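Taking it in order: structure first as structure tokens, then the write-up.
The values are calculated or read from the model by the stated rules, or taken from the named source; none is laboratory data. The structure displayed is predicted, hence computed values, not measured ones. A quick note on method: Cβ atoms are made from the backbone with ideal geometry, for glycine too, and the neighbour counts reach across all protein chains shown.
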Amino acid sequence: MATNLPRVLGIIPARAGSKGVPNKNFRSLAGKPLIHYTCASAAQSKMLSTVVISTDHENGAMLCKPYSEFQTVLTRPTELALDHTPMIEVISQVTQHYEQLGQYFDYICLLQPTCPFRREGLIDEAILYITHQDADSLVTVRSVPAKYNPHWIYENKNGYMALSTGESRIITRRQDLPETWYRDGQLYIARIDLIRQGILLGKKLIGLQNNGSPDVNIDTNDDWILTENIAQHGAHL
């Protein structure tokens, strides 16, 4: 690898517990553990310097064995595997582990197994994009449909409907709505100095428009059923 390329640490967080879908990260999806799909995406990347799986699953190393040649399984402490554990604490534990070994990185790339269907080349495209921008963090995004645009969303204010943006008048024409985006969860990239400050998304956050792959983020059983339907129709790797 050329020395002028950034050193990027890919982190795949995969704890065993889950309330919405029990053991979802290691549950079988189309005959393979859910984590397989994210591992396979990471394996395709040419710009991830190192990939680590952070897990408290007792059989995590065995389930990730197909990728053990280039991915490390790091045991996650119990106190970092709780429902309310902030992701930044998980990431910080991983980066500190490597720095104690004398291994330093320019960026981290967070790849959550709950978003299994990444299009080929997405990871490297995102890494190249952030390295050419004046940015400290990046998320993959998708356009918000007009009917859900925040300028058309109401909330309850003292019993009356009020625009969530605080505007006094609604934008009446769809064509006049500003474009808005939502995070799809497929990947997050942050400079390592942000992580050292306990921050994942900085003030110089940019978005990479992400199209061409199913928009799936598994949180509930309904999400799992949708994901199974997609996988069975050939969207899986």
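Some points to look at:
- The single residue among Gly198, Gly159, Gly185, Gly207 that is more than 28 Å from Leu9 (Cβ to Cβ) and at pLDDT 95 or above turns out to be Gly159.
- Only one of the numbered conditions (1) within 23 Å of Ile88 (Cα to Cα); (2) modelled with pLDDT of 95 or more is not met by Val216, and that is (2).
- Residue-level check: of (1) outside the structural domain of Asn210 (by TED's automatic domain parsing); (2) touching a Leu at 6+ places or on another chain (Cβ under 9 Å), Thr140 misses just (1).
- Residue count for segment 124-141, restricted to those that are touching a residue at least 24 places away in the same chain (Cβ under 8 Å) and part of a loop (DSSP other than H, G, I, E, B): 4.
- Among the residues listed as Thr95, Thr72, Thr85, the single one being in a strand (DSSP E or B) and either exposed (fewer than 12 other Cβ atoms within 10 Å of the Cβ) or not aliphatic (A, V, I, L, M) (or both): Thr72
- Checking each residue in segment 97-122 for being closer than 25 Å to Ser18 by Cβ and not hydroxyl-bearing (Ser, Thr, Tyr) picks out His97, Ile108, Cys109, Leu110, Leu111, Gln112, Pro113, Cys115, Pro116, Phe117, Arg118, Leu122.
- Hits in segment 21-61 (condition: closer than 16 Å to Val90 by Cβ and buried (at least 20 other Cβ atoms within 10 Å of the Cβ)): Asn25, Ile35, Thr38, Val51, Val52, Ile53, Ser54, Thr55, His57, Gly60
- Boolean, Asn149 is without any contact (Cβ under 8 Å) to a residue 12 or more places away in the chain, out of contact with any strand residue (DSSP E or B) (no Cβ under 9 Å at 6 or more places or on another chain) and farther than 21 Å from Pro13 by Cα: no
- Some residue of segment 163-177 being closer than 30 Å to Lys19 by Cβ and at pLDDT 95 or above: no
- For segment 1-16, residues that are modelled with pLDDT under 90 and either more than 18 Å from the chain's Cα centre (by Cα) or basic (Lys, Arg) (or both) total 6.
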